[in-house]
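Asks: First the structure, then my questions, so here it is.
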Amino acid sequence: MATDLMTGPRLREMRRRRGWTQRHLAAELGVDVSAVRNWERGRRPVSAAMAKLIRFTFNTKAQEAHHGA
């Protein structure tokens, strides 16, 4: 389970590194911006399923940028 842990600061770091707003990330994930805000502020935990989707989203977008897609 520790390998699937997604903390608010980690999520914020991943998002900012890509230059995304909370609104942009929320749209990518199909959630309301308040969900992203609550995760980043530590008000709500990120579920294991959502953590997996977040990682997939960031990895996919990074691969697309790297390969010019």
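The values are calculated or read from the model by the stated rules, or taken from the named source; none is laboratory data. These figures come from a predicted structure and were not determined experimentally. Cβ: placed from backbone, ideal geometry, glycine included. Neighbour counts: every protein chain shown. Accessible surface areas use protein heavy atoms only, side chains included; no ligands, DNA or RNA. Shrake-Rupley method; radii C 1.70, N 1.55, O 1.52, S 1.80 Å.
Asks: What number of residues within segment 21-31 satisfy the criterion of being touching a Lys or Arg at 6+ places or on another chain (Cβ under 9 Å) and loosely packed, with under 14 Cβ neighbours inside 10 Å?
Replies: Qualifying residue count for the region: 1.
Asks: Quick one: what pairs do we get from segment 19-39, first residue under 11 Å from Ile54 (Cα atoms) and among the small types (Gly, Ala, Ser), second part of a helix (DSSP H, G or I) and open to solvent by less than 40 Å² (accessible area, probe 1.4 Å), C-beta under 9 Å, 6+ apart or different chains?
Replies: Qualifying pairs under 9 Å: Ala26/Val33; Ala26/Ala35; Ala26/Val36.
Asks: Sticking with this one: Could you tell me how many of the residues in segment 32-69 are open to solvent by 70 Å² or more (accessible area, probe 1.4 Å) and at pLDDT 90 or above?
Replies: Residues flagged as open to solvent by 70 Å² or more (accessible area, probe 1.4 Å) and at pLDDT 90 or above within segment 32-69 amount to 9.
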